[in-house]
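Engineer: Could you have a look at this structure, given as structure tokens, before my questions?
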Amino acid sequence: MPKKNDEQTATEKSPFEVGDEVAFQIKKQDFTGTIEKAYKNSFLIGFESSDPDIIDTYHNKTVINWQNLKMVKQGPRPKKEESAEDDK
């Protein structure tokens, strides 16, 4: 079902955006990575690992629900322009 114009997806409600550095767990191991793409309720995370099993399985990318992420460092945010109505 397509979203309505006034509805926000789960990722739009989340505090994360593309470019943020985040922490997460895979197989009970802690990793940090960078958000590369946003989906409806999760993000594609690029990360690096020295564990050959993790590299073979995930190829240094994984999709994680945004609720399972922790912010490490916020990426640059574009400045939001105020609408003309706010200037009046």
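Engineer: In region 18-38, which residues are in a loop (DSSP other than H, G, I, E, B) and touching a strand residue (DSSP E or B) at 6+ places or on another chain (Cβ under 7 Å)?
Structural biologist: The answer is VAL18, GLY19, ASP20.
Engineer: If a residue must be surrounded by 17 or more Cβ atoms within 10 Å (Cβ to Cβ) and within 14 Å of ASN60 (Cα to Cα), how many such residues does region 27-42 contain?
Structural biologist: Final tally of qualifying residues: 4.
Engineer: For region 14-56, give me the residue count where each residue is in contact with a Pro (Cβ under 7 Å, 6 or more places away or on another chain) and within 14 Å of ASN68 (Cβ to Cβ).
Structural biologist: 0
Engineer: Output the number of residues of region 49-80 satisfying the condition of being over 12 Å from the mean Cα position of the chain (by Cα), assigned to a helix (DSSP H, G or I) and closer than 20 Å to LYS37 by Cα.
Structural biologist: 3
Throughout, read-outs are computed from the coordinates displayed, never taken from laboratory work. Bear in mind the structure is a predicted one, so any value in this text is a computation, not a measurement. A quick note on method: Cβ atoms are made from the backbone with ideal geometry, for glycine too, and the neighbour counts reach across all protein chains shown.
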